[in-house]
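Colleague: Have a look at this one.
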Amino acid sequence: MAADPAADRQALIEVINLGLLWHCLCAITRLEVPERLAAGPLPIPQLAVAVGADKDALRRVLRLVADHQIVTFEGDRVGLTDRGRLLCRDHRSSLSAAFATVGDSDVAHGLTQTLRTGRAAAPRVLGMGYWDYLAAHPDQQALFDQAMVQRAQALSLACVPVLDWPASGMIADIAGGTGTLLAAVLQATLGARGILVEQPQVLARAQPVLERQGVADRCRLHPADLFAPPPAAELYLLASVLHDWDDDHAVRILAALARGATRDTRLRIFEMLLPEEATPHRAKMSDVLMLLMFDGARERTLGQYQDLLEGTGWQLERVVHSPGPMSVIQARRAATS
């Protein structure tokens, strides 16, 4: 195929443009511009007062955002499109928390130094590790929890219909956030009961989620450290957890699960798997985001997960792929001599 320098140049320029657009969407979501427009169009001066923005700066940013079908303009009045409504908190497919949470967009400029040192950018940019930052900023912890709900809705929940679930017994979701995945699983298997294992400050927001999903009467909340053995259960769920940690910490997590498990316990790990071959996959984007946020964090290949499992008392049984980028690795306790 003949080279087309002009097309290649335009493709790279588009990357620049999309990077700026990303920051624009983060900014207007954090100022709650979509929430203010949800009821109908507003004049720019009125909108600026409502969100605490400079009216000229707001107009200029929204003018760019309008080119990407997020808002519309009629004279000096700005309205929200269907795409823009995805930035509202109460939309059933909302992505608001993904844009509002302090995270990737705030630390990505530190990638150059991360490439030099191999160390995450988040501690350097935020002044402390990301988990410590969330603990010190409860408003951001709440946003992060909601972002994880939105991630689960987009990725983990797609796995639930393609898996078989036990008709009874106990299912424990380890570091399961506010219970989005566990609720979906309990809805799929009406005879099972659940345990949501999380930090106390996260569990405080979980009960309303479980009640709304109609499973609170079958689920108990268990405050615990991720590195401590959880209560025994027939099935452990570990969704989008291991990619946040380096291999040493991942080993500690899996070993703790093995200590809490019975001989018949199964473990299901929900993660994106890096392809062994050079093919495009969303896991590669996530892998670089992990590089930015946490020292040693990474997406892994199936082979790397198998090594972690075998070194911590687990044996790989099967891998189930979902319609999306998420896969489920199932393991059982390894036989002991």
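Colleague: Per residue of the stretch 212-228, what does 6.51 cos²θ - 1.76 cosθ + 1.60 with θ = phi - 60° give for ³J(HN,Hα)? Whole Hz please, x for Gly and Pro, Karplus curve as stated.
Modeller: For the stretch 212-228, the Karplus-derived couplings read 4, 8, x, 10, 4, 6, 10, 9, 10, 9, 10, x, 6, 7, 4, 9, 9 Hz, x marking Gly and Pro.
Colleague: Could you sort Met170, Met148, Met285, Met272 by accessible area so the largest value comes first, with the probe set to 1.4 Å? Spell out each step's value before the answer.
Modeller: Numbers: Met170 25, Met148 75, Met285 130, Met272 5 Å².
Solvent-accessible surface, decreasing: Met285, Met148, Met170, Met272.
Colleague: If you don't mind, another one. Explain nothing, just the number: dipole magnitude of the chain about its Cα centre with +1 on each Lys and Arg Cβ and -1 on each Asp and Glu Cβ, in debye rounded to the nearest 20.
Modeller: Numbers: 33 positive and 38 negative charges, 98 e Å.
Dipole magnitude for the chain comes out near 460 debye.
Colleague: Then there is this: Given a 1.4 Å probe and every protein chain left where it sits, what share in percent of the accessible area of the stretch 8-82 is carbon and sulfur?
Modeller: 57 percent
Colleague: Can you tell me the dipole magnitude for the stretch 237-312 around its Cα centre, using point charges on the Cβ only (Lys, Arg +1; Asp, Glu -1), in Debye to the nearest 20? Kindly include the intermediate steps, with their values, before the conclusion.
Modeller: On the way: 9 positive and 13 negative charges, 73 e Å.
Roughly 360 debye, rounded to the nearest 20.
Colleague: Continuing with the same structure: In Å², and per residue, what accessible area does the stretch 24-79 have when probed at 1.4 Å with the other protein chains present? Working shown, then result.
Modeller: Values: 2890 Å² over 56 residues.
Per-residue value: 52 Å².
Colleague: Right, here's the next one. Under unit Cβ charges (Lys, Arg +1; Asp, Glu -1), what dipole magnitude, rounded to 20 debye, does the stretch 1-119 have relative to its Cα centre? Present the calculation step by step, with values, prior to reporting the outcome.
Modeller: Values: 14 positive and 14 negative charges, 49 e Å.
Value, rounded to 20: 240 debye.
Colleague: Right, next: How charged is the neighbourhood of Ala121? Take every other residue with its Cβ under 12 Å from the Cβ of Ala121, and add Lys/Arg as +1 and Asp/Glu as -1. Write down the numbers at each step before the final one.
Modeller: Values: positive: Arg116, Arg119, Arg124; negative: Asp104, Asp106, Asp295.
My count for the surroundings of Ala121 gives 0.
Colleague: Now, a different point. Along the charge dipole of the chain, which of Ala206, Ala283, Ala258 sits closest to the positive end, that is, farthest toward it, with unit charges on the beta carbon of Lys, Arg, Asp and Glu (+1, +1, -1, -1)?
Modeller: The Cα lying farthest towards the positive end belongs to Ala206.
Colleague: Give the distance, in whole Å, between the Cα centre of the stretch 96-159 and the Cα centre of the stretch 178-244.
Modeller: 22 Å
Colleague: So for the stretch 1-150, taking the charge dipole from beta-carbon charges (+1 Lys/Arg, -1 Asp/Glu), which of Phe144, Leu126, Val51 sits furthest toward the positive end?
Modeller: Farthest towards the positive pole: Leu126.
Colleague: Protein chains only, probe 1.4 Å: how do Trp22, Trp314, Trp165 rank by accessible area, largest first? Display every interim value, and only then the final one.
Modeller: Values: Trp22 90, Trp314 5, Trp165 40 Å².
These residues rank, largest area first, as Trp22, Trp165, Trp314.
Colleague: Amide H to amide H under 5 Å from Leu80: which residues, 5+ apart in sequence or cross-chain, H placed 1.01 Å off N in plane?
Modeller: Here Thr72 satisfy the definition.
Colleague: With the contact rule set at Cα under 8 Å and sequence spacing of 6 or more, what percent relative contact order holds for the stretch 209-337?
Modeller: Relative contact order here is 26 percent.
Colleague: Right, something else. Residues of the stretch 120-180: accessible area per residue at 1.4 Å, in Å²?
Modeller: Values: 2390 Å² over 61 residues.
Counting only protein heavy atoms, the per-residue value for the stretch 120-180 is 39 Å².
Colleague: Another one. In the stretch 150-269, if the dipole is taken from +1 on Lys/Arg beta carbons and -1 on Asp/Glu beta carbons about the Cα centre, which of Ala167, His222, Leu182 is farthest to the positive end?
Modeller: Of the listed residues, the answer is Ala167.
Colleague: In Å², and per residue, what accessible area does the stretch 205-257 have when probed at 1.4 Å with the other protein chains present? Before the final figure, lay out the partial values.
Modeller: On the way: 2310 Å² over 53 residues.
Accessible area per residue, the stretch 205-257: 44 Å².
The values are calculated or read from the model by the stated rules, or taken from the named source; none is laboratory data. What you see is a predicted model, and the numbers here were worked out from it, not measured in a lab. All Cβ positions, glycine included, derive from the backbone under ideal geometry; neighbour counts span all protein chains shown. Heads up: the accessible areas ignore ligands, DNA and RNA and are worked out on the full protein's heavy atoms, side chains in. Shrake-Rupley method; radii C 1.70, N 1.55, O 1.52, S 1.80 Å.
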